[in-house]
Amino acid sequence: MQKTAVAGKTGMYAILELDRIPQLAERLQVNLQDPQGLMIAQTLSSMLTMELSPEASGIIISPEHNFHSIMEKAPACGLLLSLERRLPAYDPLALPPLLESWGPEHISNNYALAKLELYYHPQEEQAEKKRQMVAEIYDYCQHLGIDLLLKLRIYQPPAAAEPTSDSNTSGSNDAMLEAIEDLRRLADLLALEMPADPIAAVTITAELDVPWLFSPENFGYEQYKENLRAALESGAAGFLAGEVLWAEMPEPVAAEPGANVSYDAIQEYVKTIARDRLIELVRITEEHTQKSQPPEQADSV
């Protein structure tokens, strides 16, 4: 198993999601189809990798958009390469859109772990096809001797009845627990959104034979920190962090039309705010990891 290749010295996981370049480009109003826009996105990716990877235990790179950033990765930071295409708009009902001419064998050749993002609900029409797809990918990864990180997104199928406010929490927990039961043997690491209550999170930890990582969506930084602490208390082994680190990144600007783009404000943001946030998240995770270890083991770390 290669999970330790993306774990920190204390055994915790602090993984930087840098395969979300299309989402970052969209927020900054950068067109990836335009050569200048693509160059801007690639420059930003290299900057983020160079400044943040020394603080992370692992980094996820997209072969589609920022494969070049591998050269900027800190040596001690483990590497994961994504299998799916990163699209600004994604239909959760569909099977994950995989990259063409790319697969686990290419990831193995680059001495990396594989990562797949899956939108899933146990009662959706595509559930069986999605399980079969993940099973085939996982089996191939096992054959090649590489680990698979499955980032799991639970969503509500359109055909499902609209839950009431009283049943929303219970229904969400039930769907997540059932999804984990369906997929628990098809990954070496699971990245999950925080369950709706601590009891469900503890249950997930008890059910799983592999580590799970905190991986929320659409949270501000302060809320992210509080939820991370709750996830760690409930058994999470670490986190995935991406947009929460650079949510307020300033847009690249040019002094006048046709002038070179200035990255000064962006670089200052990455070196200060984004880096400080990642360092704080790592500290929170390491402190909890050491606190949860037996005294003699914690002393030896």
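Tabulated data
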item	result
Index of the failed condition, Ala274 passing every other in (1) touching a Leu at 6+ places or on another chain (Cβ under 9 Å); (2) at pLDDT below 90	(2)
Residue satisfying all of: in region 6-31; buried (at least 24 other Cβ atoms within 10 Å of the Cβ) and among the charged types (D, E, K, R); nearest to Pro75 (Cα to Cα) among these	Glu17
Matching residues, region 94-105, being exposed (fewer than 15 other Cβ atoms within 10 Å of the Cβ) and touching an Asp or Glu at 6+ places or on another chain (Cβ under 9 Å)	Pro97, Leu98
Hey, Ile40 within 16 Å of Leu278 (Cα to Cα), in contact (Cβ under 8 Å) with a residue 40 or more places away in the chain and not charged (D, E, K, R) or not	no
Residue within region 224-239 that is at pLDDT 90 or above and among the hydroxyl-bearing types (Ser, Thr, Tyr) present	yes
Among the residues listed as Asp34, Asp91, Asp19, the single one being touching a Ser or Thr at 6+ places or on another chain (Cβ under 6 Å) and not hydroxyl-bearing (Ser, Thr, Tyr)	Asp19
Candidate set from region 83-115 (those that are touching a residue at least 60 places away in the same chain (Cβ under 8 Å) and of a type outside the set (D, E, K, R)); member that is nearest to Ala187 (Cα to Cα)	Leu113
Ile40 being surrounded by 13 or more Cβ atoms within 10 Å (Cβ to Cβ) and under 30 Å from Asp182 (Cα atoms)	no
The listed residue being aliphatic (A, V, I, L, M) and surrounded by 19 or more Cβ atoms within 10 Å (Cβ to Cβ), out of Ala135, Ala114, Ala74	Ala114
Odd one out for Pro252 among (1) touching a helix residue (DSSP H, G or I) at 6+ places or on another chain (Cβ under 6 Å); (2) surrounded by 22 or more Cβ atoms within 10 Å (Cβ to Cβ)	(2)
Out of Glu51, Glu128, sole residue that is in a helix (DSSP H, G or I) and either buried (at least 22 other Cβ atoms within 10 Å of the Cβ) or in contact (Cβ under 8 Å) with a residue 60 or more places away in the chain (or both)	Glu51
Of the criteria (1) modelled with pLDDT under 85; (2) in contact with a strand residue (DSSP E or B) (Cβ under 9 Å, 6 or more places away or on another chain); (3) assigned to a loop (DSSP other than H, G, I, E, B), which one Gln29 fails	(2)
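Okay, residues lined up against (1) closer than 27 Å to Gly235 by Cα; (2) touching an Asp or Glu at 6+ places or on another chain (Cβ under 7 Å); (3) outside any helix (DSSP H, G or I):
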| residue | (1), (2), (3) |
| --- | --- |
| Thr10 | yes, yes, yes |
| Ile15 | yes, no, yes |
| Ile40 | no, no, no |
| Thr43 | no, no, no |
| Ile59 | yes, no, yes |
| His65 | no, no, yes |
| Ala76 | yes, no, yes |
| Leu79 | yes, no, yes |
| Arg86 | no, yes, yes |
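The values are calculated or read from the model by the stated rules, or taken from the named source; none is laboratory data. These numbers were taken from a predicted model, which means no experiment stands behind them. Cβ coordinates were reconstructed from backbone atoms using ideal geometry, including for glycine residues, and neighbour counts include every protein chain displayed.
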